[in-house]
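Trainee: Here it is, the structure, as structure tokens.
Please treat every number below as a calculation from the coordinates, not as lab data. Just so it is clear, the structure is predicted and the values come from calculations on it, not from any experiment. Here the Cβ positions follow ideal geometry from the backbone for every residue, glycine too, while neighbour counts run over all protein chains shown.
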Protein chains: 2
Amino acid sequence: MQQNQLLMIPGPTYVPPRILSAMSAPMINHRGPEFQAMYREVQEGLRTVFGAQGDLVIYPSAGTGGLEAAVANFFSPGDRVLAVTVGVFGDRFATIAERFGLQVERLTEEWGRAADPDRIARRLAEDRTREIKGILLTHNETSTGVANPLREIARVREGHPALLLVDAVSSLGALELKAQEWGLDVVAVGSQKALMIPPGLAILALSPRAWQAAEEARLPRFYWDVLAYRKNFEKQSTPYTPAVPQWYALREALRMVAEEGLPAVYERHALLGEMTRSGVQALGLSLLAEAGRRSDTVTAVRVPPGAAVGRLRQVLREDYGVVVAGGQGKLAEEVFRIGHLGCISPMDILSTLAALELALSSLGHPVHLGDGVAAAQKVLAGRKAR
Amino acid sequence: MQQNQLLMIPGPTYVPPRILSAMSAPMINHRGPEFQAMYREVQEGLRTVFGAQGDLVIYPSAGTGGLEAAVANFFSPGDRVLAVTVGVFGDRFATIAERFGLQVERLTEEWGRAADPDRIARRLAEDRTREIKGILLTHNETSTGVANPLREIARVREGHPALLLVDAVSSLGALELKAQEWGLDVVAVGSQKALMIPPGLAILALSPRAWQAAEEARLPRFYWDVLAYRKNFEKQSTPYTPAVPQWYALREALRMVAEEGLPAVYERHALLGEMTRSGVQALGLSLLAEAGRRSDTVTAVRVPPGAAVGRLRQVLREDYGVVVAGGQGKLAEEVFRIGHLGCISPMDILSTLAALELALSSLGHPVHLGDGVAAAQKVLAGRKAR
């Protein structure tokens, strides 16, 4: 049976036709006036979504390049950083810092748990000599479906001079984040998540303190050097050739976000998250993430005893056209993950749950068809009734 | 007057509709079977175009990231490299190496001249203690319109253990290059040039010696680490999210190259180069590049006395819809550059020359309308008569 694919992974996310079609515009001179006009519009839109000031740095890169840029630009060899890690992407951030010769102190939590603001506060209070130069923090941990309490952590950092560097790859544009108001120094983002555009851009928002640190940092860098970007800000240009199709897409995506309104976008993601969680729990499945810290962009679900993640994903994909992600790292065989960020609607969640019920059933796991869908429907109906 | 734009800059180049439309395919799971199939086809096509063996490394990145990867993966702090530079991009390659803490010895030529294989041979012969660990070389210097004699340089390197690292960003797919046969250790390329696809990919081909060097190199790296890519080769995957639209484009571009045939592609570029040079010279303009080393992908033309590069480019663009590039670095006010690589036809060259004649004339420079076009037509007619 020929069918459309429903892409429910935590990125790259479904790219709406409006954005795909914006990407088909002809190539332009990236040093010419057409690009400059696009540059201004994109920067303005990004400032709103990041809650940031000034121009942002936009690299042709995967999201991981944004993390490397967040490390390479702000430190010098031997600097100590505190890496708060609750999963695969927190570990990656820490590993990058280690590769670049920083002294990395890891503050880890069991996978499925969120970072603890009090623990971070205590560690910073102990650091009387102000040795810690930076805090690496994942806003939304895609591997475990946990959203860290970013705002609280930013609050407990106040008074300590360490830079707060935030991996917001899978949160920005879905979970509330206000770079300037919350005092985030560096926010690194990829394009292929809630921004709804294809992979190929990494974006960095910097605070004035971060710009200052970049001037003093001595780690080796060229491609990621934010100062080379700053030199081009006033020309509305970039030091190296920009990924023009993704810029076209980003411009269109930012227009879509403005039309829906950022608060409505956040509310929609909260609804999608709640529907998903209610649905899978109604099927008797359990969630990896601790209550109260569950992400509204991705849900990690434990597979039922005796089920194989790979087989479940295969049936979902081949029989029902629903693509979900497997587990990552040590969770590879324990969880599957449903992404619900970007251009996703409540109806997509209902379809996904319906497919999940059928797939589990066909694999011999006892589920009552319709229970997951009904639970999610109730959430939706309740939300609409408000 | 509404008119189509003729993009005659040395990249990003015109993207043919067939490729634009390939990019509009829906997003897929980059860890799924659809991506794996595309991965295999793309790798096979790239092997042909690079004349390389094994899998290539494909980064979401600008071309400059490919140069950074070529430096960061193969050396250790303090290693000596010989940077052969004849313009802006040679200088950039050298600067990256300096930023990463290598000892960089520059072998420069006056801008407009090509690298001299004999000079390189002499320098290598002097290096009896084999201190030089790498040679950084630009195949085609976009800023001056010079094509370096890559094959001859590769020959004089034989017998010296230094790795030969080639920036082929603006040559690959237009000028002949055979990585394996010629003994090139690393070939770095961008997507937005002769490959006809939008910017956003950097590609690295590695020799077995380069892979060996990567295992021993101690420069800091994470995003660019080729070993992380190698780990994913057998899964037909990439360590970080690939720029999927550019992959779609690359697959389509490689199909187009296969249909035209690589020898025919090279021949077409040779024709475009000769037509352009004959045309501008027939208008009394002079070329920056020395005879015998003029590039078939970009022509740098000295502006006539009294003319301003900016004004000439503006008239070409606004009145005739032809976009050419200005000079770079110290040549900013001295030359303009016509790109003729990728999906460019002889008719595009004739249009460009016709517009150039009109623009020069309207700016008060004495040209005989039609002379440039006629000279290029003769080249074309002669080629067809063969």
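Trainee: May I ask for the Rg/Rh ratio of region A:77-125, computed from Cα atoms with Rh as the Kirkwood radius, given to two decimals?
Mentor: On the Cα set of region A:77-125, Rg over Rh gives 0.99.
Trainee: Using the 10 angstrom Cβ neighbour count as an exposure proxy, how do A:48, B:108 rank, fewest first?
Mentor: Starting with the residue having the fewest Cβ neighbours, the order is A:48, B:108.
Trainee: Near the amide H of residue A:143, under 5 Å away, which other amide H atoms are found, from residues 5 or more places off or on another chain, if H is placed in the peptide plane?
Mentor: A:88, A:89
Trainee: Test of understanding: in a Gaussian network model of chain A with alpha carbons linked when under 10 Å, which of A:342, A:159, A:310 would top the mean-square fluctuation ranking?
Mentor: A:159
Trainee: Residues in region A:56-86 near a label at residue A:108, defined as backbone nitrogen under 14 Å from the 7 Å Cα→Cβ point?
Mentor: A:83-86
Trainee: Taking amide H positions as placed 1.01 Å from N in the peptide plane, with prolines and chain starts having none, which residues 5 or more places from residue A:15, or on another chain, fall under 5 Å of its amide H?
Mentor: Correct list: B:27.
Trainee: Grab the other residues whose beta carbon is less than 14 angstrom from that of residue B:7, score K and R as +1, D and E as -1, and report the net.
Mentor: Net charge in that neighbourhood comes out at +3.
Trainee: Can you tell me how region B:17-259 classifies by the Cα gyration tensor, rounded, prolate or oblate, using a/c under 1.5 as the rounded cut?
Mentor: In terms of gyration-tensor shape, prolate.
Trainee: Mind scanning A:133/A:178; B:178/B:330; A:330/B:235; B:193/B:378; B:133/B:178 and naming the pairs with a C-alpha gap bigger than 25 Å?
Mentor: Listed pairs above 25 Å: B:178/B:330; B:193/B:378.
Trainee: While we're on this one: Determine, for each peptide in A:175-188, A:282-295, the mean count of other beta carbons within 10 angstrom over its residues, then list the peptides with the highest first.
Mentor: In descending order of packing, they fall as A:175-188, A:282-295.
Trainee: If you average the sequence gap of Cα pairs under 8 Å that are 6 or more apart and divide by the length of chain A, what percent do you get for the contact order?
Mentor: Taking the mean separation of contacting Cα pairs over the length of chain A, I get 23 percent.
Trainee: Based on Cβ point charges of +1 for Lys and Arg and -1 for Asp and Glu, what charge dipole magnitude is obtained for the protein assembly as shown about its Cα centre, in debye rounded to the nearest 20?
Mentor: Rounded to the nearest 20 debye, it is 20 debye.
Trainee: Now, a different point. Could you give me the ³J(HN,Hα) list for region A:164-175, computed from phi with Karplus coefficients 6.51, -1.76, 1.60 and θ = phi - 60°, whole Hz, x at Gly and Pro?
Mentor: Listing the rounded values in order: 9, 10, 10, 7, 10, 3, 9, 10, 4, x, 9, 10 Hz.
Trainee: Which of the helices in chain A meet the span-like rule: DSSP H, Cα axial reach of 20 Å or more, Kyte-Doolittle mean at least 0.5?
Mentor: Once both thresholds are applied, what remains is A:346-362.
Trainee: What number do you get for the protein assembly as shown when its Cα radius of gyration is normalised by 2.2 N^0.38 Å, N = residues?
Mentor: 0.99
Trainee: Under the rule of at least 5 residues apart or a separate chain, name every residue whose amide H is placed under 5 Å from the amide H of residue A:294.
Mentor: A:147
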